[in-house]
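No lab work stands behind these numbers, since they all come straight from the coordinates. No experiment lies behind these values; they were computed from the predicted model shown. Neighbour counts run over all protein chains shown; Cβ positions are idealised from the backbone, glycine included.
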Amino acid sequence: MCGIIGYTGTQTNRNVVDVLSNGLSRLEYRGYDSAGIAVADPTVSVYKREGKLAALEEALPDEADDALAGIGHTRWSTHGPPSDENAHPHTDCDGKVATVHNGIIQNYQELRDELEANGHEFDSETDSEVIPHLIERALDQGASAGSAFRQAIGRLEGSYAVAAVFHGREEVYATRYQSPLVLGVDDGGTMLASDVPAFLEYTDQVVYLEDGQFAKIRPIGIEVRDGRGALVDVSVETVDWDPEDAGKSGYDHYMLKEIYEQPRSIRECLRGRLRPLEGSILIEELDDVPRPTEVHFVACGTSYHASLYAARLFRERGVRTTAFLASEYDVETVPIDEETLVVGVTQSGETADTLRALRTANGIGAQTLTVTNVVGSSAARETDHTMYIRAGPEIGVAATKTFASQQVSLAMLSSALTGECSREFVESLRALPDQIQSILDDSHADAVAEEFVHSDAYFFIGRDYGAPVALEGALKMKEISYKHAEGFAAGELKHGPLALVTERTPVFALVNGDSNTEKMLGNIKEVEARGAPVVAVSDDPDLVEAHAEHVLRIPETHWRFYPILANVQLQLVSYWVAHRLGRSIDKPRNLAKSVTVE
Ligand code: F6R
């Protein structure tokens, strides 16, 4: 969703417009339909365009030597369609202050009516434009820049990250409430952004702003105050993401690079957490969390699929566990008490539905835990406990390496919290990175994709631990190829979906040599009898070869982990179908990386 960048600096070799443009291109992955920047010079100059950054680049000045500070924004439309007028930054009537906003202002209509009655004129249909006009009104009443900014923010209801520049001033003012904003500091300047990769090429020294705090970033140094105006002592943290991690490293797409990074990201995820000799798992940061009596997972999309997988693991270890779609989590109808452990699974740590569910659980006094990739994210800061999946930055909108790292993290979590583990379990986890590498080295998923690229639809079936990965395989296919795809627990096939199966709908079946094999083979025969081509993903080609047109092979592993391996083959099939269709793989239409509205 919308991305914010801001910069003010002292280094003459660092042009404000360049820093903002670079930052916006790093934020592209969040999804956007228009973009803009504003620089504070003796006046305030605004450049904004509907469409991609290339359109904005054409509008930018060759030189902006007078620029003192600047802000930039990628917009993902909510109020008003994509257009030059609705793009941010927005200004006040006199063009002396410019602001960018991420989030939703619920009381904007009331504020707009009030401001229009006071003679303010609006240029856009956005909720965000009330902010510069509120600041203008406070300035007209004699407030200083900082105080006008605080007064304006004090009128907003909703969620927001906001940054503002004022004419003739070299500071950027910013604040946040339930929307991400992080500050970056180095010797040559100070930055702010929705996400660390936006400025990672300049600095890895960050300050995570808390909800309700106000920051004034200066060319040298930052000042953070609480809502009452008192100075806050902030700590500068070092992020351990490498700028190279946020680049494409020669791959055509971030998604492919991230699929290939999985051996490394899983190694990182496992590092220091396995005790092979004892056959146990220790997650140090969760050492004080007792064995739960009941667990609720709350998550969306891919993270929900990882939660379905995890819920099964916990149930198998005797813990009453349910995975909920975060948007459907309603404590009025779900039995929950202080003994319940509510686990938010969220790559970004900023997904609005998941945050709402976690906040509701916090409000009831339940124990809360976040499993996330992003250090300092809202979910990580607001829950009682946090486990990091350590996948490194994921830029492709479609979650790939983070899904694998979520599954591995949750498998470890299920053992660490219940104490139930075995040497075989630990050894199998340890083997996963090399096994994934062997799949990546030998896969012929590209040939399978080529054969089925013009199919009418794609179906994915699995049982048991394989069922969530069937759902994930279909989600990946639909989001990046824009083709119809559905995932089912294989047992459900004959309760309806079978009606859709034809010779033009390949069925991807997850089969391994476990207790479900006979039933899976039965399902394969059902679809085969309707003429559908079958692609089996299996560790045992002999088992399935007679019924499948293709076998995508995976190494043998612990039966609980085979879906982690099978998913890699499914990721590759989706990638190559989308590639062959020329889709916008890293930034699929209508989708955003971080969904910060409910
Ligand atoms: C799909 C995908 C989404 C996210 C979902 C939740 O590839 O990425 O379905 O999984 O939007 O996002 P997080 O995990 O950041 O809460």
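The figures follow:
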quantity: In Hz, Karplus ³J(HN,Hα) per residue of region 206-221 (6.51, -1.76, 1.60; θ = phi - 60°; x = Gly, Pro); calculated: 10, 10, 8, 6, 8, 3, x, 8, 10, 10, 10, 9, 10, x, 10, x
quantity: Net lengthening on full extension, Asp187/Ser584 (0.36 nm per residue, minus Cα-Cα); calculated: 139.2 nm
quantity: Candidates per trypsin sites (Lys or Arg not before Pro) in region 282-372, loop by DSSP, up to 12 other Cβ within 10 Å; calculated: none
quantity: Set of lysines near Lys483 by C-alpha distance (under 30 Å), chain-local residues within fewer than 8 positions excluded; calculated: Lys52, Lys248, Lys257, Lys401, Lys494, Lys519, Lys525, Lys587, Lys593
quantity: Stretch gain in nm, segment His484-Cys93, where the contour uses 0.36 nm per residue and the Cα spacing is subtracted; calculated: 136.0 nm
quantity: The chain: mean projected area of Cα convex hull, nm²; calculated: 27.2 nm²
quantity: In region 167-209, the GluC sites (Glu not before Pro) that fall in loop regions by DSSP, at most 11 other Cβ within 10 Å; calculated: none
quantity: Mean Cβ count within 10 Å, highest first, over the residues of peptides 28-38, 429-439, 324-334; calculated: 28-38, 429-439, 324-334
quantity: FRET efficiency estimate (nearest 0.05) - Cβ-Cβ, Leu231 to Asp66, R0 35 angstrom; calculated: 0.70
quantity: Amide hydrogen neighbours beyond the local backbone of Val537, cut-off 5 Å, H modeled; calculated: Ala509, Leu510, Val511, Leu552
quantity: Cα gyration tensor, region 350-438 - rounded (a/c under 1.5), prolate or oblate; calculated: oblate
quantity: Whole-Hz ³J(HN,Hα) from phi, Karplus 6.51 cos²θ - 1.76 cosθ + 1.60, for region 495-505, glycine and proline x; calculated: 9, x, x, 4, 4, 8, 6, 9, 6, 9, 10
quantity: Relative contact order [Cα under 8 Å, 6+ residues apart], the chain, whole percent; calculated: 12 percent
quantity: Antiparallel bridge percentage (DSSP; both residues within the chain; nearest 5); calculated: 60 percent
quantity: The chain, helix-only ellipticity at 222 nm - DSSP H runs n ≥ 4, -39,500 (n - 2.57), divided by all residues, nearest 500; calculated: -10000 deg cm²/dmol
quantity: Pairwise label distance in nanometres, Asp113 with Glu284, each label 7 Å out on the Cα-Cβ vector; calculated: 5.7 nm
